[in-house]
Amino acid sequence: MRRLFHRLRNSFFVLLIFLYLIFEELIWKTAVAPLIRYLSVFHPYRYFLEYIRDRARPLSVLILFIVPFALGEIIGTLSALLVAQLHIVSAGLLYMLKIPLIVVALGILQNGKEKLLSYPWFAFCYGWVILQLDKLHGSILYQEIHSALIRIRSRFFNRSEHLKRRIGRIYRRLRHLLLDR
């Protein structure tokens, strides 16, 4: 019975780490990073972040951080509930609403970190989250799953490149056949 419990627990951890990596690699690195670059071009957004960094008071930075962060997390939770009910498309569309909110919250966090960390409870929570992420990223299980996902992703992209070349050859042959007539 004890072995079964350990296997179930380990399987649960593998699933959680796998889901975390899927979200981190596929959603955040492919959607959030380009969105941050896209938003950083807009003058109002840059002005807003400069205001956060230079002139805003700590309480206003805290409120401006908590509002989009909390809304984003509520939307993420609702999205997870929709996935549990097998409403995958609705969950995906709802989750897409979370991304801009979290991008704004991350921008506020990056630019107003000193002011936010002036609150001891925030500094404690922030430090705890960073510690947990460091533990996760340092675990052997995480590294194994991460390397497996990287191998899968590279195989997919290699196959997609092969498929693109194949489609290109077929297109050129068809074009050649049509033009010769």
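The values are calculated or read from the model by the stated rules, or taken from the named source; none is laboratory data. Values in this document were obtained by computation on a predicted structure and should not be read as measured data. Heads up: the accessible areas ignore ligands, DNA and RNA and are worked out on the full protein's heavy atoms, side chains in. Shrake-Rupley method; radii C 1.70, N 1.55, O 1.52, S 1.80 Å.
Summary table below
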quantity: Rounded to whole Hz, the Karplus (6.51, -1.76, 1.60) HN-Hα couplings of the stretch 53-61, x for glycine and proline; calculated: 6, 9, 10, 6, 7, x, 5, 5, 5
quantity: Å² of accessible area per residue within the stretch 77-132, as computed with a 1.4 Å probe and no ligands counted; calculated: 63 Å²
quantity: Over 24 Å [Cα-Cα, the stretch 50-152], rounded percent; calculated: 45 percent
quantity: Accessible-area composition of the stretch 58-159, carbon plus sulfur, in percent [1.4 Å probe]; calculated: 74 percent
quantity: Added length on full extension, which subtracts the Cα-Cα distance from 0.36 nm per residue, I152 to H176; calculated: 5.1 nm
